[in-house]
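Written out below as structure tokens is the structure these notes cover.
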Amino acid sequence: MKFKSRLKVLLCLLVTSVACFLPAQAQQPVSINGFGSVRLGKLLPSKDNPQLVEFYNDDGLSFADDTLFGLQLQTESSADLSYTLQLLGKALEDYDPDVSLAFVRYQLAPDHQLKFGRLAVPLFAQSDIQYVGYSHDYSRLPKALYYRFDFEVADGVAFEGQQIFQDFSLKYVLQLTEFSGNVFKRQGSGGIPIKLHQMNNLRLELAYQQLQLFAGGVRADTDADQLNAQLLAPLLPQLQASTASLAAQQQFMAALNFNKDAAYTFWGLRWQYQAWRLEAERSRYGISDSADVINTAEYLALSYRFDRVIVTLHQEKQTENPENVQWLTQVTAPELRQIGINLSRSLNNTSYRMQVLSLRYDLQPGIALKADIFNGKHQLANVGRFKGFSLGVDFVF
Amino acid sequence: MLARPLHAADFVVVVHNDNRSAITQQLLMQLYLKKTAAFADGKAATLLHLPRSSAEHQQFCLELLNLTAHQYQSYWSRLVFTGNASNLQFANANSILQQVQQNPAAIAYLPADTALSGVRQLGFLRNGQWQESPVTH
């Protein structure tokens, strides 16, 4: 274990130990909660493995992809002020704990609060609980949307509130955050550093009886010089070898540049009728006017509850069309367009659909057993159809 | 297997004697789902529950929220692990009565045949239907 990891583990132990002894000393006790998932699964590709993020990319049974543990400490220093620290350790990262939440909450009124610190970014409707497997009925939240982004937590401030209007309830979350960290970490070499400045986040949920509509979005200024250096700079020899003018080459590089606005939007609904439940979400995201394509992802899920057993069937779909890039409208030289398209095809090639049948059995309070089987098709010819299964347990305490 | 049992139980919902708020079934549901954390007068509410494994708690979750007790805990875990709620508070009927007598923010449900004293009865939940008690001054 590296020195930095050891330091993190020691820090976690220290924080937990202090928290355990605090109740005797402090007026307000520290509440300790935890969650976790232990799951084994296997993907059975007909050809190549689709290499979806943290989705059984290796041969054989995998225990690591979905297995994780979280620990949360919460305390209040007054009726209005509370502190939350949440640590998350994933098996894939050798349980090296990350600070997934760390914020101070100031209660302005019973239904309005401010949070300062490290917050979950509402990229999608359930981003803030995506690692708490017990909190939903799926074996894992639909992978097409919830495939675990590197910038799913960021530092900043949030205003959260909820209002009742007769039989309607409205919940809203407004955030202003900044992210600085590495992306594409799972592609090896520790990832590529980027910064997301002025991330303006909004999430809305409107509920009426058993119907809930939700929508939201994130917009940020991307500072991705390293991304440009690693992905776009290698194109320079091809550009210089082309017959395009220097001005056209410069315009081409400017058009593909990643230092642009990143935007994420989502919307959907949940509806419960007796033992039936319907859930759907759709998202659209990307770095606009750059080499990044506009991604779309969606799922539709139908569940039925038999007391302790919940059966859910869902279809999910992710689409990255390498030719759905806005820079094509700015670049006219055929040679440059082909260079750009080739790059886009190598970067943006995750398009698939998958059907998943999930089973949840509530064994006892706080413990749910889950199983699923899935069947999908990837657009890449060398991947094609794939199927698989997983078995596991989700818990909270 | 049926999602809702054949014989639904009756519950009485109580608050502190000083709490003069009226409540509708929708607001009761919104409170127990923490879609609002306040009574109609804007004052904060503290929810109390009968023991987690009790038949009464399971029945109340089904009748009011159309959720099993497991689903309710699953739902509540979303609030806890986003730092937006504390753990659910469970207690037996006697302890609940004492807490409601002492805490002006408390709201709780009890079996309808519970002998009440020193608390205000808001209404009854019968077969999933809310019947508000007349306001007494």
TODO: Inspect segment B:65-72 for any residue being outside any loop (DSSP other than H, G, I, E, B), within 9 Å of chain A (Cβ to nearest Cβ), closer than 17 Å to A:D111 by Cβ and among the small types (G, A, S) and give the result as yes or no.
DONE: no
Open item on the list: Out of B:A40, B:A3, I need the residue that is assigned to a loop (DSSP other than H, G, I, E, B), at pLDDT below 90 and surrounded by fewer than 17 Cβ atoms within 10 Å (Cβ to Cβ). Which one?
Closed with: B:A3
TODO: For segment B:27-35, indicate whether the set of residues that are assigned to a loop (DSSP other than H, G, I, E, B) and at the interface with another protein chain (Cβ under 7 Å from one of its Cβ atoms) is non-empty.
DONE: yes
TODO: Return yes when A:S78 is within 14 Å of chain B (Cβ to nearest Cβ), within 20 Å of the chain's Cα centre (by Cα) and either part of a loop (DSSP other than H, G, I, E, B) or closer than 14 Å to A:V153 by Cα (or both) and no when it is not.
DONE: no
Open item on the list: I'm checking my understanding of the structure. Among residues of segment A:198-213 that are away from every other protein chain (no Cβ under 13 Å) and surrounded by 19 or more Cβ atoms within 10 Å (Cβ to Cβ), which one is farthest from B:M29 (Cα to Cα)?
Closed with: A:M199
Open item on the list: Please go through (1) aliphatic (A, V, I, L, M); (2) touching a residue at least 40 places away in the same chain (Cβ under 8 Å); (3) within 14 Å of chain B (Cβ to nearest Cβ) for A:L52 and return the number of the only condition it doesn't satisfy.
Closed with: (3)
Open item on the list: Can you find, within segment A:352-397, the residue that is farthest from the other protein chains (Cβ to nearest Cβ) among those that are of a type outside the set (F, W, Y), surrounded by 21 or more Cβ atoms within 10 Å (Cβ to Cβ) and under 14 Å from A:K143 (Cβ atoms)?
Closed with: A:H378
Open item on the list: So if I check each of B:Q59, B:Q121, which one is closer than 23 Å to A:Y361 by Cβ, among the polar types (S, T, N, Q) and under 14 Å from the mean Cα position of the chain (by Cα)?
Closed with: B:Q59
TODO: Only strands (runs of 3 or more DSSP E) wholly contained in segment B:80-137 count here; list those with 1 or more residues that are at pLDDT 95 or above, surrounded by 14 or more Cβ atoms within 10 Å (Cβ to Cβ) and among the aliphatic types (A, V, I, L, M).
DONE: B:106-111, B:119-126
Task: When residues of segment B:17-26 are limited to those that are touching a residue at least 60 places away in the same chain (Cβ under 8 Å) and either within 12 Å of another protein chain (Cβ to nearest Cβ) or within 13 Å of the chain's Cα centre (by Cα) (or both), the one farthest from A:Q209 (Cα to Cα) - done: B:I23
Open item on the list: Out of the residues in segment A:98-150 meeting the condition of being facing chain B (nearest Cβ under 10 Å) and assigned to a loop (DSSP other than H, G, I, E, B), tell me which one is farthest from B:L31 (Cα to Cα).
Closed with: A:Y131
Open item on the list: For segment A:279-314, give me each residue that is in a strand (DSSP E or B) and within 14 Å of chain B (Cβ to nearest Cβ).
Closed with: A:E279, A:S303, A:Y304, A:R305, A:F306, A:V309, A:I310, A:V311, A:T312
- [ ] Output the number of the condition that B:L27 fails; it satisfies all remaining conditions of (1) modelled with pLDDT of 95 or more; (2) closer than 30 Å to A:A158 by Cβ.
- [x] (1)
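The values are calculated or read from the model by the stated rules, or taken from the named source; none is laboratory data. These figures come from a predicted structure and were not determined experimentally. Don't worry about glycine lacking a Cβ; one is built from the backbone with ideal geometry, like all the others, and counts go over all protein chains shown.
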